[in-house]
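Participant: Next up is a structure, given as structure tokens.
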């Protein structure tokens, strides 16, 4: 009988192997080995998810911007995932703008309101803002029914209808991580949906732009804290 | 002569069934805490609680009288569960030797809990085993408290549950002699003999911690008789703690003289660790330019420009390749494109189709309005999905159902709109090395055995449908080859010497085959495979399947002529040769329940049939049970009487969150025996075809835009 440690070493060796071959059907098997190793032997050997240092200072942002394709850029913090990302616009179509991170996730917005995400697992598949955008941008008050669509574990799309009450929450002068400053009205959107509630915040300028916002994506992903660092 | 006892039983069952039909409170009383028999319960006794629907529970324990029980339970439906248990009962046999026992249970909830009445369940424990654990019960559980955290249980039981605290004694005694070889249903014993009363209470202190007090009606009569256990008290006390999500540790004091411990694991297909999956974002859809901005493109005259056509083809090929989709062939007209794609990455065909549509929107000249996407496997088209480019442009940000309503799924054998141009030239070579994990369950000594190693697979596709394949496993570490069952069958040794083939650490040739897949007609699929078909057999295998795209029923026939391989010499064959084959009927009951019957001749030359029942989940999970009955007399078959087992197939994508078409399949079978053994040939047709038809695209359609 082979001893236990040998199993551990073997598992570690498997992880160290790069995916090898020319057939994508095999990719998953390596992911499986990696996830098993990450949860068992990985921590013992100091493997882990290496998260790049957040691009959070004006200097860092100024250094990153020239490396990106021209066009709008967002900076997104995701407290729930303990992660942050820079996303640059890759598509604009029918009023929707899609931003991508270098790690293959996307966020689609319409008038700076998030309408869908991809690559975050518990994504918003699509949504209908049903008038919320107009109220927020003109810094007014009102109640709307927003529709969020998600994918179930059985691959069915389901809708969550949220009743959202929007109201101004005072003026605020904000400084973004890039160093840019804006005087804004903070708009608060409180949503009730099927036994849960969440709050979105938008900092809206007099021109109706939203340089900063906190927008809830899903229960698991939590809130995206978005700043527009290039428009 | 009437038989009052049986009449009473029949009435009991009938009235309970009636109650189940009329009960109408919404909430199921569920629990994921498993007792020492591996079913929702107290310590040794069951409750009327059901596990959450689709939950798979796996428990290992050391319980009273040093008995080790390994149980797999599956909640087949919200009201019905099945369990399979493998146990070692030390010194239990009359001659003082250990008993290795397999048992099957079925539990059904008869009545849902209401405001003023308890949940009621009926259970048959070990009803087709050797009888050591046989017992039936009727049990009621009522919950109390704001979070239903207190639960009071009372029940009556027969058999094992009627060996202590007897409240009624039948004049007739229960026939308790073991049926030597097990494996036959002991119907005559059910609900006979003394009736014992049991009960208990549980307190779920918080999400993780539960305390239990139990009054057991199991007298451990045989164990006491043999002098291997002392039962001083009917009271058992237990504590369960969830150490991490789905992993529980339980400990209990047992009958005043013993302690037991248990480790249990629960999984639920409805609760994937990475949710709907960490798939990388797809390409955004691109709108076409206005006609004034691309007059040539809109006119369709670009088709005359062979350079432009070639450029478009190579852009599509490259973009699909980045998505793990191989473009095999393409036919193009000014308005229609047909693509034959081999999807190597996405378990949901709808997702592969969605990603293909996005790429086409971004790469094709504007005059092409119709996309006809034909998924192909090993050169054989399986279906065709037709969609309109303007719908793709219009509906990217809308509810997915809008797009799905506009897809047209057909059989895939309709003619192409133009001549098909082969993109990937033949021969095509694919290879890969990946790790593998093989698991072995139900060994008496070690509940779980495992082996890890590296697996090299390579395919050479010589022409559409013609495939040469090799599959080699290199074990690295493990203890799977220590599984030891002597081949004591009276029939040819065809499977029970399996361990001879996996011994040692040298590489193993699992497969070396030539195969031909084809679709001889709209509703017909065929396969011919020749060579080293599996680890133990080489020969020729042919299969034909009839399955219309929209049909619930499918019929198939398979014929094989094989010789047994030599375990010590990789290419050598032994003298044993046999014709084996089956006719098969497959039925899709809907809601994910599938049935299959295969009748024919098995590897040992025995005749019989295999019955398979499977629950399949849209996300790729499959849990099935099968039983094979052949004309090998139960006495000759040896322990276990007939081949039976449980098959659990978990998508790698579900486990990891990364896209993959692979499933990890484990068969839990009590014994590897020679009766009812089937050839394990690769690429059987039904599973290949079932995965890519209209139903699957519908079931997993939510992933179209994912």
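The values are calculated or read from the model by the stated rules, or taken from the named source; none is laboratory data. All values derive from a computational prediction rather than experimental measurement. All Cβ positions, even for glycine, are placed from backbone atoms using ideal geometry, and neighbour counts span all protein chains on display.
Participant: When you go through (1) out of contact with any helix residue (DSSP H, G or I) (no Cβ under 8 Å at 6 or more places or on another chain); (2) surrounded by fewer than 17 Cβ atoms within 10 Å (Cβ to Cβ); (3) not in a helix (DSSP H, G or I) one by one for residue B:289, which number turns out not to apply?
Facilitator: With respect to (1) out of contact with any helix residue (DSSP H, G or I) (no Cβ under 8 Å at 6 or more places or on another chain); (2) surrounded by fewer than 17 Cβ atoms within 10 Å (Cβ to Cβ); (3) not in a helix (DSSP H, G or I), residue B:289 is out only on (1).
Participant: Any residue at all in segment B:608-619 that's over 22 Å from the mean Cα position of the chain (by Cα), more than 14 Å from every other protein chain (Cβ to nearest Cβ) and part of a strand (DSSP E or B)?
Facilitator: Yes: segment B:608-619 contains one or more residues that are over 22 Å from the mean Cα position of the chain (by Cα), more than 14 Å from every other protein chain (Cβ to nearest Cβ) and part of a strand (DSSP E or B).
Participant: A further question on this structure: Which residue is surrounded by the most Cβ atoms within 10 Å (Cβ to Cβ), if the candidates are limited to segment B:657-692 and must be in contact with a helix residue (DSSP H, G or I) (Cβ under 9 Å, 6 or more places away or on another chain) and away from every other protein chain (no Cβ under 14 Å)?
Facilitator: Per the stated criteria, the residue is B:675.
Participant: Sticking with this structure for a sec: Return yes when residue B:170 is at pLDDT below 90, surrounded by fewer than 17 Cβ atoms within 10 Å (Cβ to Cβ) and out of contact with any helix residue (DSSP H, G or I) (no Cβ under 9 Å at 6 or more places or on another chain) and no when it is not.
Facilitator: It is false that residue B:170 is at pLDDT below 90, surrounded by fewer than 17 Cβ atoms within 10 Å (Cβ to Cβ) and out of contact with any helix residue (DSSP H, G or I) (no Cβ under 9 Å at 6 or more places or on another chain).
Participant: Checking the condition out of contact with any strand residue (DSSP E or B) (no Cβ under 6 Å at 6 or more places or on another chain), loosely packed, with under 15 Cβ neighbours inside 10 Å, in contact (Cβ under 8 Å) with a residue 24 or more places away in the chain and farther than 30 Å from residue A:63 by Cβ, which residue from A:179, A:140 passes?
Facilitator: A:140
Here is a yes/no grid of residues against (1) in contact (Cβ under 8 Å) with a residue 12 or more places away in the chain; (2) more than 13 Å from chain A (Cβ to nearest Cβ); (3) in a strand (DSSP E or B):
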residue	(1), (2), (3)
B:373	yes, yes, yes
B:376	yes, yes, yes
B:426	yes, yes, no
B:449	yes, no, yes
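Participant: If residue B:417 passes every condition in (1) in contact (Cβ under 8 Å) with a residue 12 or more places away in the chain; (2) surrounded by fewer than 18 Cβ atoms within 10 Å (Cβ to Cβ); (3) within 14 Å of another protein chain (Cβ to nearest Cβ) but one, which one does it miss?
Facilitator: For residue B:417, the exception is condition (3).
Participant: Continuing with the same structure: For segment A:143-167, how many residues are more than 8 Å from every other protein chain (Cβ to nearest Cβ), free of Cβ contacts under 8 Å to residues at least 24 places away in the same chain and more than 19 Å from the chain's Cα centre (by Cα)?
Facilitator: The total comes to 4.
Participant: Collect the residues in segment B:244-268 that are without any contact (Cβ under 8 Å) to a residue 40 or more places away in the chain, more than 14 Å from every other protein chain (Cβ to nearest Cβ) and assigned to a strand (DSSP E or B), keeping them in residue-number order.
Facilitator: Passing the criteria: B:249, B:251, B:253, B:259.
Participant: How many residues, within segment B:378-400, are closer than 23 Å to residue B:308 by Cα and part of a strand (DSSP E or B)?
Facilitator: Qualifying residue count for the region: 1.
Participant: Determine which single condition residue B:382 fails, assuming it passes every other condition in (1) more than 21 Å from residue A:125 (Cβ to Cβ); (2) within 14 Å of chain A (Cβ to nearest Cβ).
Facilitator: Tallying (1) more than 21 Å from residue A:125 (Cβ to Cβ); (2) within 14 Å of chain A (Cβ to nearest Cβ), residue B:382 fails exactly one: (2).
Participant: Residues B:321, B:342, B:405: which one is in a strand (DSSP E or B) and within 13 Å of chain A (Cβ to nearest Cβ)?
Facilitator: After applying the criteria, what remains is B:342.
Participant: At the interface with chain A (Cβ under 7 Å from one of its Cβ atoms) and farther than 15 Å from residue A:151 by Cβ: which single residue out of B:276, B:284, B:272, B:289 fits that description?
Facilitator: B:284
Participant: Among (1) under 27 Å from residue B:30 (Cβ atoms); (2) part of a strand (DSSP E or B), which single condition is residue B:271 missing?
Facilitator: (2)
Participant: Test of understanding: among A:120, A:99, which residue is touching a residue at least 60 places away in the same chain (Cβ under 8 Å), within 13 Å of chain B (Cβ to nearest Cβ) and surrounded by 19 or more Cβ atoms within 10 Å (Cβ to Cβ)?
Facilitator: Answer to the check: A:120.
Participant: Check residue A:172 against each of (1) more than 10 Å from chain B (Cβ to nearest Cβ); (2) part of a loop (DSSP other than H, G, I, E, B); (3) modelled with pLDDT of 95 or more and name the one condition it does not meet.
Facilitator: Condition (2) is where residue A:172 drops out.
Participant: May I pose another question? Tell me which of these residue B:503 doesn't satisfy, since it passes every other one: (1) away from chain A (no Cβ under 14 Å); (2) closer than 18 Å to residue B:568 by Cβ; (3) in contact with a helix residue (DSSP H, G or I) (Cβ under 6 Å, 6 or more places away or on another chain); (4) modelled with pLDDT under 90.
Facilitator: Only one criterion in (1) away from chain A (no Cβ under 14 Å); (2) closer than 18 Å to residue B:568 by Cβ; (3) in contact with a helix residue (DSSP H, G or I) (Cβ under 6 Å, 6 or more places away or on another chain); (4) modelled with pLDDT under 90 is unmet by residue B:503, namely (1).
Participant: Turning to a different aspect of this structure: Please determine, by comparing only the residues of segment A:78-96 that are crowded, with 19+ Cβ neighbours inside 10 Å and over 24 Å from residue B:393 (Cα atoms), which one is farthest from the other protein chains (Cβ to nearest Cβ).
Facilitator: A:84
Participant: Within segment B:560-580, which residues are crowded, with 18+ Cβ neighbours inside 10 Å and within 19 Å of residue B:683 (Cα to Cα)?
Facilitator: B:560, B:562, B:580
Participant: Go through B:623, B:650 for me and flag whichever is part of a strand (DSSP E or B), within 14 Å of another protein chain (Cβ to nearest Cβ) and either under 21 Å from residue B:448 (Cα atoms) or modelled with pLDDT under 90 (or both).
Facilitator: Exactly one residue qualifies, and that residue is B:650.
Participant: Among the residues that make up segment B:596-605, is at least one of them assigned to a loop (DSSP other than H, G, I, E, B), at pLDDT below 95, more than 25 Å from the chain's Cα centre (by Cα) and within 27 Å of residue B:633 (Cα to Cα)?
Facilitator: yes
Participant: For residue B:532, indicate whether it is surrounded by 15 or more Cβ atoms within 10 Å (Cβ to Cβ), at negative phi and modelled with pLDDT under 95.
Facilitator: Judged against the criteria, residue B:532 is not a match.
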